[in-house]
Structures are given as C-alpha cells and as structure tokens.
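Q: Sharing a structure here in structure tokens format.
The values are calculated or read from the model by the stated rules, or taken from the named source; none is laboratory data. Keep in mind that this is a model prediction, so the values were computed, not measured. Cβ sites come from the backbone with ideal geometry, for glycine too, and all protein chains shown count toward neighbours.
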Amino acid sequence: MRIFLVFVRKEFFHIFRDRRTLLILFGMPVIQILLFGFAITNEIRNARIAIMDNSRDEYTLKLSNKLLSSGYFQEVLNASSLHEISSSFRKGRIDMAIVFSPQFDYQLHHEGKASIQLIADASDPNTASTLINYATSIINNDASSHKPGIAPNMQIGIREKMLYNPDLKSVYMFIPGLMTLILMLVSAMMTSLTIAREKELGTMEILLASPLRPVMIIMGKGIPYLLLSAINATMILLMGMFVFGVPLVGNVFLLGAECTLFIITALSLGILISSVSSSQQTAMMLSMVGLLMPTVMLSGYIFPLDSMPVFLQVIANLIPAKWFIIIIKNIMLKGAGFQDVWKQTLILVAMTSAFIVLSIKNFKIRLN
Amino acid sequence: MKIILVMLRKEFLQIFRNRSMLPIIFVAPVIQLLILASAATYEIKNIAVIVVDQDQTGTSRLLVSKMKASGYFIMQGESTSDASAYRKLQDGQADIILEIPAHFERDLVKGGKADLLLSANAINNIKATLGTGYAASIIASFNRQIRVQFGRPEMDSGQYYIKVLPIPWFNPTLNYRFFMVPGILVILVTLIGSFLSGMNIVREKEIGTIEQLNVTPIRKLHFIFGKLLPFWFIGLFELAFGLLIGALVFKVPIHTNIWLVFAFGAIYLPLVLGIGLLISTFADTQQQAMFLAWFFLVIFILMSGLFTAVENMPGWAQKLNVINPVAYFIEVIRRVMLKGSSFADISGQFFLVLGFGAIINVLAVLNYRKVSN
C-alpha cells in the first residue's frame, strides 16, 4: 500500500510539474464550453433570404413584412429574376428565396388563390427543411387570419404543454451533451498518453522492475487524473447552470456520483488506449480520430439518435457518452431519481469494468 | 534538391514502417466516413405518442385512429391514467401525450367546443415543436371531418387559398448524406494532416533524434519542407479516396468542376499542416502538442458549420470563423460539389486560405531553431 501511495505521488509530480499541460487541461474546457455553448444552436435566426416580388401589392408587402419581423429571416436581396437568385445561391449569399406569383393580390381576390414559391438551398437539407417549415407556417397563419366569417361551430381547441423546457430553448438540448463531450474527451485524452509515454521514453523498464503490480500501476495512473477530472466536471457543471441557465431539478449528490462514474469510464477508456498502443502518436491518433467524431455524432449530442438508421442506433449503444447524456438530462432537466437511471448506470459500470479488465490483460509485464 | 529528396525518403520510410499507425491513417477515416455519413440528420421521425383517452366514445376513438393512420407517429398504446403516461414520458418511451378529457364528445356536440391537451417532452425543442405541429394539423383536419359528419360544415371554407410550394434546389431529394459526406471528409483530412504534422517534430525532440537532424547540413527550410510534403501527399490521397467512396457508396454527385476541390485541398493542406508544425515548434512534449492541436481542432470543427449551420450562430461567433480554415474548406467543398460553383464564386476563400497558409508556415520556419538551448 505504501509503495502504491509513493507511485501516486510520483504521478502527481509528473502532472503538476508540467505547468503548460496543466494550464491547457483547465483552460481548455472553460473556453470550449463558453464558445460552443453560445455558438452551437439549431435555433434559426436571421436566415438570409431573397424576396422576388414582381407583384408589389398591398398583400405581398404585408406578408413580406410579416416574414421579416418574425426574427427568423432577414432580407439581403431584392431579386428581380431567377437568374439573380441562382447566382446568389452559388456565391453562398442567401439561404432561401421567396418568390411571389405575379399579380398576387389580384389573383388572391379574384380567383381565390395565389401561390408562393419557397426556393431553399437544399445543399444543407436540415436547414432547408427547417426554413421551409417556418416560412410555411407564417404564411399559413397569415392566410387563415384573413379568412372572413363566423366563428365555426364544433371547435376543437388544443392546449399545448411543453414539459421540462417551456421556452423551447436549444441550450437544454445542447448543454448537457456538450458537458458530456468535453468531460469524455478531456478525461480519455489525459490518460491515453500516460502509459504510452513511459513506454516511449523508456521509463517503463523502471516501473516494471519495481514491485508494483500491473493493477497498481494502472490504478496509480488513474487516480491523479480522477481528481483533475472531478475539478473539471465541477467547473463545467457550474458553468452549465449559471452561465447557460440549465436547471438542476434532481438530486445534486446523485449527479455528482454519476459524474464520478462517467469520469472513471472515460479515464479507463484512455488507459485501455494507452496500454494497447506502442507510441504516444498511436495513442493520440486512436483517442482523437477514434473518439472525437463518433462521440460528437453518435452520442445524441447534436443529432437525435432515434432518427438515425437502425444499424447506427445499434453502434451508438457502444458509445459511453450516449448513456451519460441520457443520465445527465434525466437528472438535471427531468429531476429523475436513481430508480429512473439505474439501467444506464449499470451499463456504464459494465463498460468501465470491461475497459479496466482489458487494460490489465493488455498490460505487458515484459519488454520486447 | 537532393537533400530534400533524401529527407522525403526518410519521412516516408518512417511513416510506412510504423505498422500501428498505417491502419489509423488509411483505414480509420474510411470506416468513419462510411458510418458517420448516415448519422447526421435532424429529420424528425419516430415521434412516440401515448394517448390518454378518458372519453372512450366513437369520436375519441376516431381521432386516435386518425393519428395512427397519419404515419407521423409511433403509437405507444393507450394509457388509462395521466400518471402512468407521464411516467412513460419521463422514461423516454413517449415524446408526446395526447389527453382526451372525459365528456369530450358531449362537450363538442352539445357545447360546440371541447379542448384536447398535448404535452410534449420539450428537451429536444425541434422535435417538440414539429411533433405538436403535426398533431395539431391532424386534429384540425379531424375537426373539419367531424363537422361534415355532424352536418355542420364550415361556412367559409377556402375562400382565400395561398398555395405554398417548397422547391429544394441543388439537392431535390433532400438527401442529407450529400451534405455530410464532403464535410466529414474535410474533417478527416484535417484531423489526419494536423495531428501527423503536429506530432512529428516534437516527437523527434522528445526522443532526442532532433539532435541528429540539427547537426546535418539540412537547412531549416528544407527540413520543414521535407516534413510537410509527405503529409501533403497523404492528405490529397485521402481526399481523392474519400471522394471515390462518396461517389460509389453514397452516390454523391461529382461534377466536372471537381478539380476545384483538389485545387482547394492542395492549398488548404499546407495551412493545416503548418498549424500542426507551428504547434510542434512551440511544444516540448508530444503531450503538450497534442493537447494544443486538439484544443484548436475541436474549436475549428465544431464551429465549422458541419453540424450546425454557421448562419444560426451569434454574430461574434461568425466573425471568429474568419480565421477558421475548416469552415472555409467545408463551405467551398459543399458549394462546389452541390451547387456547382465556379472558381470565381470561391476565389475569396481560395486566396484567403492561401494567404493564411503562407503566414503560418513562415511563422513555423522562423520559430523552428536548429540551435538547442
């Protein structure tokens, strides 16, 4: 036990004497959560539109105003021809064009109908469909409010209740995911280099000659980083709550325990990467190229998992971040207790154990 | 010239003899492209609805069957009590609860008015908005239907009618893979390029072989050039390979102006490699280099518009993208491949990236010291 403590002390020295790395480790998450917290959003605002209105009558002007005052759109081009629209699309100046049919008001009042084309830049299909949806609903609302007449009989009213996120803010969707992402990547990255580094620098030989057993070496490598990650997690949570206003409805201790579990998962994944790779470069490529994109895309952080093809939903089950995002959203936003998240917790525990067992198995006590 | 060739040969040997790196450089990006291209959709499908029908009349059952028939929703069955329905919403088994209160039919027919309650899990704001929107439109059409059924059609139906025609240009089938494949490809090329170059010099520093290089007659410029060129080739190779896969597997359209993508890639890579190199000259250990490279890359990637549109970001964030090389390349590759933009359309980005590349590489050369202290 004493040897183990000495070893942990050595690891602490390693970390604290490299000031630059320490600065990066604590500075990075703070900057990233601030930056991404504000910048990553799917709320449409000020989409750039072109309006082609060859009719220019009372109705089209009113409708244009209505679209522009919604806050979703800003007019950057008053187009006179389709050619102008197409060239603006190619230069990337507009996201959507609204084309009123000629003699709009006249048609509407004399023939009872008129048409509007919404030409969207579908090279980005996600934004295109959202913009079309928003514009369509504004136009339809306007059209129905113009219908004269008597209040109809047999009216079904709809009361809508938006639970957990009454203002429909996208931070509720993104901040918990962002916290998970940063925690996962920073923690896994920290440990992924440690063992590989000793191998590459040749100091592994000294460790192997010491009476420390592989389990102890692996634990000793993990403990200092557990402490650092816990500090990181606390900072990230506090910023999520006080800068971005994500509420904490559930139990703070449960959240703390789950965070600790998730940190251990990430750290042990890092150690596993470290024990299977021969050089720091390999370890780094594995933890960067291998973890970054899958964690961003398959964890449900930005893209909802249930819209994905089934085979991806199956693969996503292997991503630890997926489970933690469910846990953290349930606790923070829905106020869930342990009985609601025990399944996800159990999965994380199982993953962590698997990572640790595999790293111990892969830890070679002989030099080759 | 000969010195550079020798240097190149050494670098290539070093890359190809590292057996554990080869699959990461060449296989991992391909697998990621194949898997991740299908992941990025905001398309809202599979909205799970649970019904609490406390009315249990012909009218309420008709409404439920209309919801079912619409195809928008997955009906998670009926629940008899509010409490168990909310429980399912909390568990994530349902997204929307439709509550039909008792006496719904009676109120509607006799009182002329009745209310329904739609509760949505709004953590995913878009799903909640669209889901309740779909439900509301189904209820509205149901409303019209039963008015006719009970012989009380609307007085003023369709006096004014505005037809809205959505026309998706450049990608009429709204295939989001066309949008994602080029973007993911840019990310993978960037990741590989910057990490390889970022780790390269600092590795020689840490292992100590930099000393050997420092005592050779290789000039600083030759040294940097020899370090960058191999990764430039690898980067372009991966770009070509990825485009091939995109065309074959995902049927991404390849137009004749595809050479523009390669031209841009050819000037983009020196910038990315230069960033890695600059980091490499600053850092003492591979760990530091990696953290720094990671820090900048994650920022570049998440802000690049690959995942969420740049236009939705606040103004200051969009300004920050002026120095984001990844954002430029993603913008350019999408414009060229999907909208068929010409060189004139992207010349602004082209010269900016060329300029940035020059500046970064000059800084890297200046910052690299052959004399150790």
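Q: Applying the selection to region A:282-291, what residues are facing another protein chain (nearest Cβ under 7 Å), of a type outside the set (Ser, Thr, Tyr) and surrounded by fewer than 24 Cβ atoms within 10 Å (Cβ to Cβ)?
A: The initial filter retains those residues of region A:282-291 that are facing another protein chain (nearest Cβ under 7 Å), namely A:282, A:284-286, A:288-290.
Filter once more, so that each one left must be of a type outside the set (Ser, Thr, Tyr): A:284-286, A:288-290.
Hits for region A:282-291 are A:286, A:289, A:290.
Q: Just to be sure, is residue A:175 assigned by TED's automatic domain parsing to the domain that holds residue A:352, at pLDDT 80 or above, of a type outside the set (Ser, Thr, Tyr) and touching a Gly at 6+ places or on another chain (Cβ under 7 Å)?
A: Yes; evaluated as a whole, the condition is true for this residue.
Q: From A:237, A:168, which residue is under 30 Å from residue A:335 (Cβ atoms) and at pLDDT below 80?
A: Values: A:237 fails: at pLDDT below 80.
Within the list A:237, A:168, the selection yields A:168.
Q: Return the pair list, or none, for Cβ contacts closer than 6 Å from residues in region A:134-159 that are closer than 22 Å to residue B:130 by Cα to residues that are modelled with pLDDT of 65 or more and of a type in the set (Phe, Trp, Tyr), at least 6 apart or on different chains.
A: Close Cβ pairs (under 6 Å, with a partner that is modelled with pLDDT of 65 or more and of a type in the set (Phe, Trp, Tyr)) amount to A:134/A:72.
Q: Filter region A:292-308 down to residues that are assigned to a helix (DSSP H, G or I) and farther than 22 Å from residue B:192 by Cβ and give me whichever is farthest from the other protein chains (Cβ to nearest Cβ).
A: Filtering region A:292-308 for residues that are assigned to a helix (DSSP H, G or I) and farther than 22 Å from residue B:192 by Cβ, the one farthest from the other protein chains (Cβ to nearest Cβ) comes out as A:305.
Residue-by-condition table, conditions (1) in the same structural domain as residue B:183 (by TED's automatic domain parsing); (2) at pLDDT 80 or above; (3) polar (S, T, N, Q); (4) farther than 14 Å from residue B:334 by Cα:
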site	(1), (2), (3), (4)
B:227	yes, yes, no, yes
B:232	yes, yes, no, yes
B:235	yes, yes, no, yes
B:240	yes, yes, no, yes
B:245	yes, yes, no, yes
B:250	yes, yes, no, yes
B:253	yes, yes, no, no
B:257	yes, yes, yes, no
B:260	yes, yes, no, no
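Q: Criterion first (in the same structural domain as residue A:175 (by TED's automatic domain parsing) and either within 29 Å of the chain's Cα centre (by Cα) or not polar (S, T, N, Q) (or both)) does residue A:32 satisfy it?
A: In short, yes.
A quick yes/no check of all residues on (1) under 14 Å from residue B:360 (Cβ atoms); (2) among the basic types (Lys, Arg); (3) part of a helix (DSSP H, G or I); (4) in contact with a Leu (Cβ under 7 Å, 6 or more places away or on another chain):
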site: B:212; (1), (2), (3), (4): no, no, yes, no
site: B:242; (1), (2), (3), (4): no, no, yes, yes
site: B:247; (1), (2), (3), (4): no, no, yes, no
site: B:252; (1), (2), (3), (4): no, no, no, no
site: B:274; (1), (2), (3), (4): yes, no, yes, no
site: B:289; (1), (2), (3), (4): no, no, yes, no
site: B:296; (1), (2), (3), (4): yes, no, yes, no
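Q: Within region B:57-74, is even one residue assigned to a strand (DSSP E or B), free of Cβ contacts under 8 Å to residues at least 60 places away in the same chain and in contact with a strand residue (DSSP E or B) (Cβ under 8 Å, 6 or more places away or on another chain)?
A: yes
Q: In addition: Of all residues being touching a Leu at 6+ places or on another chain (Cβ under 8 Å) and of a type in the set (Phe, Trp, Tyr) in region A:1-25, which is nearest to residue A:246 (Cα to Cα)? Just the residue, please.
A: Filtering first and then ranking leaves A:16.
Q: I would also like to ask the following. Would you mind telling me which numbered condition in (1) over 19 Å from residue A:322 (Cα atoms); (2) touching a residue at least 60 places away in the same chain (Cβ under 8 Å); (3) under 19 Å from the mean Cα position of the chain (by Cα) residue A:240 fails?
A: Failing condition for residue A:240: (1).
Q: Considering only residues of region A:162-204 that are of a type in the set (Gly, Ala, Ser) and not in a loop (DSSP other than H, G, I, E, B), which is farthest from the other protein chains (Cβ to nearest Cβ)?
A: Residues of region A:162-204 that are of a type in the set (Gly, Ala, Ser), as a first pass: A:170, A:177, A:187-188, A:192, A:196, A:202.
Imposing the further condition that a residue be not in a loop (DSSP other than H, G, I, E, B) reduces the set to A:177, A:187-188, A:192, A:196.
Values: A:177: 11, A:187: 13, A:188: 11, A:192: 9, A:196: 9 Å.
It comes out as A:187.
Q: Condition first: in a helix (DSSP H, G or I) and over 23 Å from the mean Cα position of the chain (by Cα). Now tell me which residues in region A:350-363 satisfy that.
A: Kept after step one, since they are in a helix (DSSP H, G or I), are these residues of region A:350-363: A:350-362.
Passing the criteria: A:350, A:353, A:354, A:355, A:356, A:357, A:358, A:359, A:360, A:361, A:362.
Q: Hey, can you tell me all the residues within region B:1-47 that are surrounded by fewer than 17 Cβ atoms within 10 Å (Cβ to Cβ) and in contact with a strand residue (DSSP E or B) (Cβ under 8 Å, 6 or more places away or on another chain)?
A: Result: B:46, single match.
Q: Note down all Cβ pairs under 6 Å where the first residue falls in region A:111-124 and is in the same structural domain as residue A:60 (by TED's automatic domain parsing), the second is assigned to a strand (DSSP E or B) and charged (D, E, K, R), and they're at least six residues apart or on different chains.
A: From region A:111-124, the pairs are A:115/B:163.
Q: Now, a different point. Would you be able to tell me the number of residues in region A:315-339 that are assigned to a helix (DSSP H, G or I), within 11 Å of chain B (Cβ to nearest Cβ) and surrounded by fewer than 19 Cβ atoms within 10 Å (Cβ to Cβ)?
A: Number of matching residues: 2.
Q: Another one. Going by what's in this entry, would residue B:344 be described as small (Gly, Ala, Ser) and touching a helix residue (DSSP H, G or I) at 6+ places or on another chain (Cβ under 8 Å)?
A: So residue B:344 fails the test.
Q: Of the residues in region A:260-272, how many are more than 25 Å from residue B:37 (Cβ to Cβ) and buried (at least 24 other Cβ atoms within 10 Å of the Cβ)? Please lay out each step first, then the result.
A: Kept after step one, since they are more than 25 Å from residue B:37 (Cβ to Cβ), are these residues of region A:260-272: A:260-268, A:270-272.
Remaining after also requiring buried (at least 24 other Cβ atoms within 10 Å of the Cβ): A:262-263, A:265-268, A:270-272.
Summing the residues that are more than 25 Å from residue B:37 (Cβ to Cβ) and buried (at least 24 other Cβ atoms within 10 Å of the Cβ) in region A:260-272 gives 9.
Q: Output the number of residues of region A:27-76 satisfying the condition of being without any contact (Cβ under 8 Å) to a residue 60 or more places away in the chain, under 30 Å from residue A:190 (Cβ atoms) and aliphatic (A, V, I, L, M).
A: 3
Q: Let me ask something else about it. Could you please give the count of residues in region B:113-142 that are free of Cβ contacts under 8 Å to residues at least 60 places away in the same chain, under 18 Å from residue B:57 (Cβ atoms) and either touching a Pro at 6+ places or on another chain (Cβ under 9 Å) or part of a helix (DSSP H, G or I) (or both)?
A: Total meeting the criteria: 4.
Q: Taking residue B:50 as the residue in question, decide whether it is out of contact with any Gly (no Cβ under 6 Å at 6 or more places or on another chain) and within 12 Å of chain A (Cβ to nearest Cβ).
A: No; evaluated as a whole, the condition is false for this residue.
Q: Can you spot a residue in region B:304-314 that is without any contact (Cβ under 8 Å) to a residue 40 or more places away in the chain, surrounded by fewer than 23 Cβ atoms within 10 Å (Cβ to Cβ) and farther than 26 Å from residue A:298 by Cα?
A: Taking every residue of region B:304-314 in turn, none turns out to be without any contact (Cβ under 8 Å) to a residue 40 or more places away in the chain, surrounded by fewer than 23 Cβ atoms within 10 Å (Cβ to Cβ) and farther than 26 Å from residue A:298 by Cα.
Q: Further question on the same structure: When only residues in region A:1-38 that are aliphatic (A, V, I, L, M) and touching a Pro at 6+ places or on another chain (Cβ under 7 Å) count, which is nearest to residue A:173 (Cα to Cα)?
A: Selected residue: A:15.
Q: Here's a check for you: in region A:93-144, which residue that is facing chain B (nearest Cβ under 7 Å) and acidic (Asp, Glu) is nearest to residue B:341 (Cα to Cα)?
A: For region A:93-144, the residue satisfying everything is A:121.
This table checks each residue for (1) among the hydroxyl-bearing types (Ser, Thr, Tyr); (2) away from every other protein chain (no Cβ under 12 Å); (3) within 17 Å of residue B:121 (Cα to Cα).
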{"site": "B:35", "(1), (2), (3)": "no, no, no"}
{"site": "B:41", "(1), (2), (3)": "yes, no, no"}
{"site": "B:86", "(1), (2), (3)": "yes, no, yes"}
{"site": "B:101", "(1), (2), (3)": "no, no, no"}
{"site": "B:104", "(1), (2), (3)": "no, no, no"}
{"site": "B:107", "(1), (2), (3)": "no, no, no"}
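Q: Scan region B:301-346 for residues that are facing chain A (nearest Cβ under 9 Å) and of a type in the set (Lys, Arg) and jot them down.
A: Residues satisfying the conditions are B:334, B:335, B:339.
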